[in-house]
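The structure under discussion is supplied below as structure tokens; questions concerning it will follow.
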Amino acid sequence: MRVAGRGRILVWEGASLWVLVSDGKEAGTSLHAHHAHQITLSLEGAFLLSDHARVRKGPVSAVAADHQHGFAAYGKVAFLFVEPESTAGRAISARFADGSPMTDLDPAPFAPAIADLLACHAADSPDGDFITIGYALLAALGGEARPADLNAKVKAMIDYVRTNLDGAVKLASAAGIACLSPSRARHLFAEETGLPFKAFVLWLRLERAVACYAAGHSLTEAAHLAGFADSAHLSRTFRKTFGLRASQLELNGRR
């Protein structure tokens, strides 16, 4: 999804990659928290992360999920948000084992993906290319690269989720489609996808809502199409996950 100012936002199962371009002007937020690990990468710009107790300025820095922080960014920067309960998220959590909720990371493992990200952004590449880079960034963090072919029963569960996102999605119903017991379905799904079923559904709802809003639907319409009760429900979920309300997005030049 394109963002005003030549930025991009991509959401997929368990993660989201944002490329923001401030065009020489400072962009930033006040103190906030969100239920996703945040990896901030300097592309052709600079950033500062602060929680009053410490400051981090990268070029690659991480903030633990649910930790209050603010940022200021200049030029072109990227943010990778990762579901903390995912396989990749658990690997990232290990980075904070010393008790520090903010840390600078060695930029060397990220350099190839950053170069690819810059090239894709300059070429205005398709969303799928950015998501591939997102998986490369997750791999550099110690998580898994793009998953291999999924078990057929898990694929059936995912197909059920994708075709029912505009309404209630129940694990028991997905398990029935796959001819599995709910307990076996829960275990197999997490094992194959790296995400708990409930978290997987939520990220797909966010993905669809952002796509619908970018396509021109109102926030209320996007919320209903993605299975949220209303735009307020979508905005609360978006804020909990990414630290800002969905209405603050500028997609395709709109608010």
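Can you give the Rg/Rh ratio of segment 2-140, where Rg is from the C-alpha atoms and Rh is the Kirkwood radius?
0.93
Here's another thing I want to ask about it. Could you give each residue of segment 186-193 its phi-based ³J(HN,Hα) in whole Hz, using Karplus coefficients 6.51, -1.76, 1.60 with θ = phi - 60°, and x for Gly or Pro?
4, 5, 5, 4, 5, 5, 7, 9
Can you find, among Ile92, Cys120, Leu180, the residue farthest towards the positive end of the dipole of the chain? Put +1 on the C-beta of Lys and Arg, -1 on that of Asp and Glu.
Leu180
Over 33 Å, how big is the tail of the calculated P(r) for the chain, in percent of all Cα pairs?
Here the long-distance tail beyond 33 Å is 17 percent of all Cα pairs in the chain.
Here's a follow-up. Using each residue's phi in segment 86-93, evaluate 6.51 cos²θ - 1.76 cosθ + 1.60 at θ = phi - 60° and report the 3J(HN,Hα) Karplus result to the nearest Hz, with x for Gly and Pro.
Karplus values, whole Hz, x for Gly and Pro: 6, 4, 5, x, 5, 5, 5, 4.
Ok, one more. Can you tell me how much longer the chain between Lys155 and Asp66 gets when fully stretched, taken as 0.36 nm per residue apart minus their C-alpha distance, in nm with one decimal?
The Lys155-Asp66 span can extend by a further 28.9 nm.
Under 8 Å for C-alpha pairs, at least 6 residues apart: give me the relative contact order for the chain, rounded to a whole percent.
This gives 21 percent for the chain.
So who's got an amide H within less than 5 Å of the one on His32, skipping anything under 5 residues away but keeping other chains? H placed 1.01 Å off N, in plane.
His69, Gly70
Also, I was wondering about something else. When every alpha-carbon pair in segment 152-248 is counted, what percent end up more than 23 Å apart? It would help to have the intermediate numbers written out before the result.
On the way: 1367 of 4656 pairs.
Here the long-distance tail beyond 23 Å is 29 percent of all Cα pairs in segment 152-248.
Let me ask something additional. Hey, got a sec? Which GluC sites (Glu not before Pro) in segment 182-215 land in a DSSP loop and have at most 16 other Cβ atoms within 10 Å? Before the final figure, lay out the partial values.
On the way: sites: Glu191, Glu192, Glu207; in loops: none.
Of the GluC sites (Glu not before Pro), not one in the loops of segment 182-215 has a Cβ with at most 16 other Cβ atoms within 10 Å.
In addition: How much length would be gained if the chain were fully extended between Leu244 and Ser181, taking 0.36 nm per residue of separation minus their Cα-Cα distance, in nm to one decimal?
Fully extending the segment from Leu244 to Ser181 adds 18.9 nm.
Here's something else I'd like to know. Under unit Cβ charges (Lys, Arg +1; Asp, Glu -1), what dipole magnitude, rounded to 20 debye, does segment 152-248 have relative to its Cα centre?
Dipole of segment 152-248, to the nearest 20 debye: 260 debye.
What FRET efficiency comes out for Ala215 versus Thr132 if R0 is 22 angstrom and r is the Cβ-Cβ distance? Round to the nearest 0.05.
Working: r = 22 Å, r/R0 = 1.01.
Calculated value: 0.50.
Still on this structure, I have one more. Could you put Met102, Met157 in order, starting from the residue whose Cβ has the fewest other Cβ atoms within 10 Å?
Ranking Met102, Met157 by Cβ neighbours within 10 Å, fewest first, gives Met102, Met157.
Further, regarding this structure: Starting from the 7 Å offset along Cα-to-Cβ, what nm value, one decimal, do you get for the label separation of Ala111 and Ala53?
Distance between label points: 3.3 nm.
Read-outs: derived from the displayed coordinates by stated rules, not from any lab. Bear in mind that the values here come from a model prediction, so they are computed numbers and not experimental data. Neighbour counts run over all protein chains shown; Cβ positions are idealised from the backbone, glycine included.
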